[in-house]
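Input: a single structure, listed below in structure tokens.
The values are calculated or read from the model by the stated rules, or taken from the named source; none is laboratory data. Since the structure is predicted, the reported quantities are computational estimates derived from the model, not experimental observations. So basically every Cβ, Gly included, is an ideal-geometry build from the backbone, and we count neighbours across all protein chains shown.
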Amino acid sequence: AGANILGIDIGNQYFKVAVVKRGKFEIVHNLHSKRKTPTAISFAEDVRSYGDDAVAQFAKKPEQVPMYFLPLLGANFTSEEDMTIGLPKNYYPYKLGYDADGRKVETS
């Protein structure tokens, strides 16, 4: 019995998932039968959703649907100004700050 391999390509706009089973490479389709899924998460209405379902919520509640956040992962911000430079404001209408332990958090 051989091992299966799962690969995830997380991009700023889309992510893709692929598996290798018995030497065959296959890109996994999402619930909407698409090979690529928008990199977005929705926290609207106490329900978490991602991808196309999250993008559908963006028009109603953009402040609850982070998109284009990949540049923030692992970033080291030293000031509030650093937290806004380079972010596409039309897709990232959030304020960032620090919690009591000094961790970066979204504060809006």
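Numbers for the structure displayed
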| quantity | calculated |
| --- | --- |
| Test: residue in the stretch 22-37 that is touching a Phe, Trp or Tyr at 6+ places or on another chain (Cβ under 6 Å) and at pLDDT 85 or above | yes |
| Residue selected from the stretch 1-28 under the condition assigned to a strand (DSSP E or B) and among the charged types (D, E, K, R), by the criterion surrounded by the most Cβ atoms within 10 Å (Cβ to Cβ) | LYS16 |
| Among (1) of a type outside the set (Val, Ile, Thr); (2) under 16 Å from the mean Cα position of the chain (by Cα); (3) closer than 17 Å to ILE8 by Cβ - the single one SER49 does not satisfy | (3) |
| Residues that are surrounded by 16 or more Cβ atoms within 10 Å (Cβ to Cβ), touching a residue at least 24 places away in the same chain (Cβ under 8 Å) and either over 11 Å from the mean Cα position of the chain (by Cα) or assigned to a helix (DSSP H, G or I) (or both), drawn from the stretch 59-71 | PRO62 |
| Positions within the stretch 30-53 being surrounded by 14 or more Cβ atoms within 10 Å (Cβ to Cβ) and β-branched (Val, Ile, Thr), in sequence order | THR37, THR39, ILE41 |
| Search result, residues across the stretch 1-45 that are of a type in the set (D, E, K, R) and under 22 Å from LYS61 (Cα atoms) | GLU45 |
